[in-house]
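Q: Let me give you the structure first, and then I'll get to my questions.
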Amino acid sequence: MLSSCPKISVIIPVYNTVEYLKECFDSVLSQSIQGIEVIVVDDGSSDGSWDIIEEYAAAYPQFKVYKQSRKRQGAARNHGLCYATGEYIAFLDSDDTLPTQAYSRLYDSAERFKSDMALGPYQSFFYDRKWFEQPLHKQLLSGVLERTDIFSYPALLEDISVCNRIIRREFLEKYQLRFPERYAGEDVFFMTHIYLKCKDISIVPHVVYNCRRKRKASSSFRISLEFFQNRKDTAMELAAVFDENSATQLHLHLLRSEVRKLVGSRLARVVKELPGHEQKKVFEVLREMTSGLSFQDIYQDKYFNAVHRLCVRMLQEGEFTALSSFEKSQTKIFFLRGIGSRKLRFELAKLIPPLYLLGGIRIFKKLARSQ
């Protein structure tokens, strides 16, 4: 029997993940902490997911299950929040899993330090169970932080996932925080509002979430113009939210983070998977997004590597043909020939990491100076 107030309400939106559901649900049931309620919201699945959901609901009283027509993940999470009764809220994607001690570590940290949110690093795995740590998470979340906030530790804006944390339900209700339901990028919107309001955040150094990679049907891997447009619109819309909270500089941090993630993890797939006219539209969206970044913003941010900087500069200058050429074959330097400005060619030549040089930096500089 569950107590009148569970420790954690785990909200799991489901959309056509039948092959992963049992593994996901079992990882929640195997948590070392007691007092978990599981709220499953089927978002219009058509692959038999509901049959699995009903099976677990019949077997485990802590499962509460609901159905809705297809409304996207943000709406499914909001639906689940309506029924949550736990002290803390956790979100779990239905194709991912949890380490056994994930919630006990997060709960113990939040309770010990009286925090409204506790979070930790996550790791990713492929279908063949090859695991790899997230380098950024390893750097940001490598030690215990008893209490912090986004103003003291702005690098937290690099981590906008809602799944590697627990959030006090009373805090969410106090500020009436919910996910946007009209577009992708709901995590960015939701977490930004939380970060700006949350004064007590605790960090644990242990992995608390296992993220599945390479599931092509997943929205996190879908490449489309709509996705980029939504992420750009969200980032730009949030500028006013930061201003209202006297945190204009923090919006710049978020914008850099969003640009780096989109450029670093998706640009090559845009070139590979989208036809030329759609590529150009995506590049135009990213150009608008990067227009808010200055020279100093790009070159002084330690999270931008040489390739990120190179791609952002080409986006800013509208050098889409050269950018496409670079993404198609990063071991060749001749994409510089497609750049009309001699000054820009020289600037970009200096940005190329040695890994991509053919014949050394002297050939690069010679080519950059040529007409």
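Q: Pick from Ser45, Ser152, Ser124 the residue whose mean-square fluctuation is largest in a GNM of the chain, springs joining Cα atoms under 10 Å.
A: Highest fluctuation among the options: Ser152.
Q: Count neighbours as other Cβ atoms within 10 Å of each site's Cβ, and list the GluC sites (Glu not before Pro) in region 1-99 that are DSSP loop with at most 11 such neighbours.
A: Filter output for region 1-99: empty list.
Q: Among (1) 25; (2) 20; (3) 38, only one was calculated for this model; which label is it, if the read-out is percent of Cα pairs over 37 Å apart?
A: Checking each listed value against the structure points to (1).
Q: Further, regarding this structure: Counting other Cβ atoms within 10 Å, which chymotrypsin sites (Phe, Trp or Tyr not before Pro) in region 41-79 have at most 13 and lie in a DSSP loop?
A: Filter output for region 41-79: empty list.
Q: While we're looking at this one, here's another question. Kindly put Phe326, Phe171 in sequence by how many other C-beta atoms sit within 10 Å of each C-beta, fewest to most.
A: In order of increasing Cβ crowding within 10 Å: Phe171, Phe326.
Q: For helix 248-273, report the angle its Cα long axis makes with the longest principal axis of the Cα atoms of the chain; keep it between 0 and 90° and round to the nearest 10°.
A: For helix 248-273, the angle is close to 80 degrees.
Q: Once you've got the Cα coordinates, tell me which of Lys232/Lys272; Lys7/Lys232; Lys197/Lys350; Lys71/Lys232; Lys22/Lys114; Lys67/Lys114 are over 32 Å apart.
A: Lys7/Lys232; Lys197/Lys350; Lys22/Lys114; Lys67/Lys114
Q: If you don't mind, there's one more thing I want to ask. Taking the Cβ of each residue in Thr148, Thr248, Thr97 as the centre, tally the other Cβ atoms inside 10 Å and list the residues starting with the fewest.
A: Final ranking by Cβ density, sparse to dense: Thr248, Thr148, Thr97.
None of the figures in this text is laboratory data; all of them are computed from the coordinates on show. Keep in mind the model is a prediction, meaning the values are calculated, not measured. Please note: Cβ atoms are built from the backbone with ideal geometry, for glycine as well, and neighbour counts cover all protein chains shown.
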